[in-house]
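Here the structure comes first, spelled out in structure tokens, and everything after it is commentary.
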Amino acid sequence: MRAQEALDGWAGRPAVSLGEVGSTQAEARRLADAGVPEGSVVRAEHQTLGRGRLGRRWLDEPGTALLVSIVLRPPVDFSRLPQLSLVAGVALAQAVREASGLAVGVEWPNDLLIRGRKVAGILAESHDSADGAVVILGIGLNVNQTRLPRELAGRATSLAAEAGHAFDREQLLRTLVDHLERWYRRWVREGFAPVREAWRGLSETLGRPVVNDRGEAGIAEDLGEDGALVVRTERGGRARWVAGDARPADAPGRAS
Ligand code: BTN
């Protein structure tokens, strides 16, 4: 009973806690197809096929991370759905700051960084249903890992590695779900403006040289009113990046 209480989705919605799965995204999609309400949460202790953005893998060490997928049925226009990753980034950053005291920032579009290293990633996958768009919002947060995969050395970190002690993942999840629910409802009700303001305050991207996955480079100037990254290009013009990555121009590539 206690465990179930601690694991509730938002506003008392169902939560499912699993051991080893392929991907919580696939499990949540199955539940969404079966009609679970918005705010239902799926988490797992380990993923064998964890997926990241842009076809990348998401690696975890069993029993140490938060691996979570949340079913959303946003009652907004389809064109606003890409903003959800930024909504989740703000909520996750605020939750981690509150729970750990660590100085976490957001990198466009939706990575969380501590001292320039990736500590969390967000994957929003949407599909149509008879009742409108469904989004499976996936969050991977490195919590208690003390050893990160060699291929991620120097590019990824965990809360424990940064703070020097382990964290209670149940409490972190509760804090995360609370923040996410609050920011999501606010975004539905008030639009993107409050999210944009909060994101700018947490940004690790603005004011820095960036390069995208098409090799275009410039200085990240602002977050647009729709969530696009506004970039002053090397030729002095302005570009709006709406998808893909924007990594620091001097970094070899962000961990995923
Ligand atoms: C990224 O940074 O590329 C996004 C990573 C998202 C990882 C999470 S872990 C929980 C959920 N299940 C998955 O397979 N992926 C997301």
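The values are calculated or read from the model by the stated rules, or taken from the named source; none is laboratory data. All values derive from a computational prediction rather than experimental measurement. Here the Cβ is made from the backbone with ideal geometry for all residues, glycine too, and neighbour counts use every protein chain on show.
Can you tell which of 81, 54 is under 22 Å from residue 229 (Cα atoms) and more than 10 Å from the ligand (Cβ to nearest atom)? Criteria check complete, one pass: 81. For residue 218, work out the one condition from (1) over 30 Å from residue 33 (Cβ atoms); (2) away from the ligand (no atom under 16 Å from the Cβ); (3) within 20 Å of the chain's Cα centre (by Cα) it doesn't fulfil. Here residue 218 meets the rest and fails (3). If the condition is being of a type outside the set (Gly, Ala, Ser) and either part of a loop (DSSP other than H, G, I, E, B) or surrounded by fewer than 22 Cβ atoms within 10 Å (Cβ to Cβ) (or both), then segment 33-48 contributes 33, 36, 37, 38, 45, 46, 48.
Scanning segment 109-145 for residues that are out of contact with any strand residue (DSSP E or B) (no Cβ under 9 Å at 6 or more places or on another chain) and touching a residue at least 24 places away in the same chain (Cβ under 8 Å), we see that the one that is nearest to the ligand (Cβ to nearest atom) is 144. For segment 146-192, the set of residues classified as more than 16 Å from the ligand (Cβ to nearest atom), among the hydroxyl-bearing types (Ser, Thr, Tyr) and farther than 18 Å from residue 41 by Cβ consists of 146 only.
Restricting 68, 42, 76 to residues that are away from the ligand (no atom under 16 Å from the Cβ) and not small (Gly, Ala, Ser) narrows the list to 76.
Pick from 240, 214, 186, 182: which is under 27 Å from residue 67 (Cβ atoms), surrounded by fewer than 20 Cβ atoms within 10 Å (Cβ to Cβ) and free of Cβ contacts under 8 Å to residues at least 40 places away in the same chain? Steps first, answer last, please.
On the way: 240 fails: under 27 Å from residue 67 (Cβ atoms); 214 fails: under 27 Å from residue 67 (Cβ atoms); 182 fails: free of Cβ contacts under 8 Å to residues at least 40 places away in the same chain.
Sole residue among the options that is under 27 Å from residue 67 (Cβ atoms), surrounded by fewer than 20 Cβ atoms within 10 Å (Cβ to Cβ) and free of Cβ contacts under 8 Å to residues at least 40 places away in the same chain: 186.
Residues that are under 30 Å from residue 37 (Cα atoms) and touching a helix residue (DSSP H, G or I) at 6+ places or on another chain (Cβ under 9 Å): which helices (runs of 4 or more DSSP H) entirely in segment 98-203 hold 2 or more of them? Result: 169-190, 193-202. For segment 1-19, taking the residues that are surrounded by 11 or more Cβ atoms within 10 Å (Cβ to Cβ) and in a strand (DSSP E or B), the one that is modelled with the lowest pLDDT is identified as 15.
Could you figure out which of (1) free of Cβ contacts under 8 Å to residues at least 24 places away in the same chain; (2) near the ligand (Cβ under 8 Å from one of its atoms); (3) over 17 Å from the mean Cα position of the chain (by Cα) isn't true of residue 26? (3) is the only condition that residue 26 fails.
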